[in-house]
Each structure stands twice: as C-alpha cells, then as structure tokens.
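Working notes, structure below.
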C-alpha cells in the first residue's frame, strides 16, 4: 500500500502544480480526489476527511498569509485568494501524512524540522515548474517558518491506531 500511496501522492502533487502552472485547477482536484478516495477505501473515510479538511484549512491560512505578505505569488492565477489547487495540495498532504511518514508520529520537533526543510524544497520545485513565485531568500524563509508551524499543528498519527503506552508506564513492558 505504501508504494501505491507514494505514487498517488506524487501524482496528485504534480497534477496540482502542473495544472497551476497552466492556470488550471481541475487536474489537481481530480488527482487529489483520487488520492483521498484511495485512502478512504483503505482506512476510515471520516479520518481521511478530517485530516484533509484540517490540511486545507491550515494551508489556506498559512499560504494565504504568505500571499498577502507578498512572499509568494501565483503567476497563472488572478485574484486575492489562493488558487484551488493549493487547497488540494494541502488536503492531500495532510491526509497522507500519517501513512507516508509514520516515523514522525510522536516526534513533533523532528516533524517541525522536516517541515522547515521540506516545505521550501517543494516550493522550489513548484517554482521551477512555473506554478508559484517565491520572493527570494525572505520568501523561502517565510515558507520554511509556515511549514514548520504546519507540522507543529497537523495530526501526525493514524487515528485508527491505538495509543501505545509510554515507555516505563505500568502498562508497558519496558
């Protein structure tokens, strides 16, 4: 499942970014819907929707703030709001997070560092494809801070998994 999920997520990311670079939201929306449908089929649909909604909402706030502060721009998009494909990107990312990087669960500081580095790398790639423009070093520093905050707030655990007892607790074996 992990390999297929990885391929679906990367396909959705590329469809969002490629579509965005051509002024179209529908390729990313369709690909993200397929990704979310696959996750809903393999896991609990309510959990997928909850994570996707959290991702889209948080991403809208963070990327909206970057756009408002002129740290980012969308050359193929007119309007004061974010393009729909950005909401799809955030929804897909948040939905797959517990499955793609399960080693981040319970490691919030590592997740923050992951976001601070990985976010700007994704935006650099999207900029190379023409979907977004980042305002140089200040823009990438802002993206890094936004993604660090996102990783501090997004759910990293699979809601279906029972909580493991803490090491040394009365219920653990260590």
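Okay, here's what the table says:
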quantity	calculated
Translational D in µm²/s for segment 2-153 (Stokes-Einstein at 4 °C, 1.567 mPa s, Kirkwood Rh from C-alpha pairs)	85 µm²/s
Nearest 10 degrees, 0 to 90: helix 26-42 Cα axis against the chain principal axis	10 degrees
Alpha-carbon radius of gyration plus Dmax, which is the widest Cα pair, for segment 15-86 in Å	13.5, 40
Principal-axis tilt of helix 2-21 within the chain, Cα atoms, nearest 10 degrees	20 degrees
Ranked packing of 84-96, 60-72, 7-19, most packed first, by mean Cβ within 10 Å	84-96, 7-19, 60-72
Cα-based shape type of segment 91-145, given that a ≥ b ≥ c are square roots of the gyration tensor eigenvalues and the cut on a/c is 1.5	oblate
Mean separation of Cα contacts under 8 Å, 6 or more apart, over the residue count of the chain: relative contact order %	26 percent
P(r) of segment 45-119 over all Cα-Cα pairs, binned every 10 Å from zero, in whole percent	18, 45, 29, 8
Between helix 136-153 and the chain: long-axis angle, C-alpha atoms, 0 to 90°, nearest 10	30 degrees
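We did not get these values from a lab; they are worked out from the coordinates using the rules stated. Keep in mind the model is a prediction, meaning the values are calculated, not measured. Neighbour counts run over all protein chains shown; Cβ positions are idealised from the backbone, glycine included.
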